[in-house]
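Each remark here refers to the structure printed beneath this line.
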Amino acid sequence: MGGQKGPAAIMVGVLLILGLATAAMSSSEKVATGEKTSWPEVVGLCAEEAKKIILKDKPDANIVVLPAGSMVTMDYDPLRVRIFVDTVAEAPHTG
């Protein structure tokens, strides 16, 4: 009807635009908020030590430890921090 849109359609469009703008934030924009978003200093540490360091900087982090190469969702969650590990902690043995 003449290209008119109802309030619901307009709200969905606004939410979609806001969601895309948030997801498209560059890492420098995230850093500009004063919040740390990367922890290169934990590379080479065990997962538990890495978790402790990350939680000091970001106490509300939802830390997920995954095998290196794991498939993950592409959604952005500002509280989620993924730690990818690929080391063997002990000699494998039968039994």
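Values in this text are rule-based calculations from the coordinates and carry no lab data. On a predicted model such as this, the values are computed, not experimentally measured, just so you know. Here the Cβ positions follow ideal geometry from the backbone for every residue, glycine too, while neighbour counts run over all protein chains shown.
Highest mean first, the peptides 65-77, 36-48 sorted by other C-beta atoms within 10 Å per residue fall in the order 36-48, 65-77.
Add +1 for every Lys or Arg and -1 for every Asp or Glu among the other residues with Cβ under 9 Å from the Cβ of Ala61, and state the total.
+1
Length gained on full extension, Ile63 to Leu79: 4.9 nm, using 0.36 nm per residue less the C-alpha separation.
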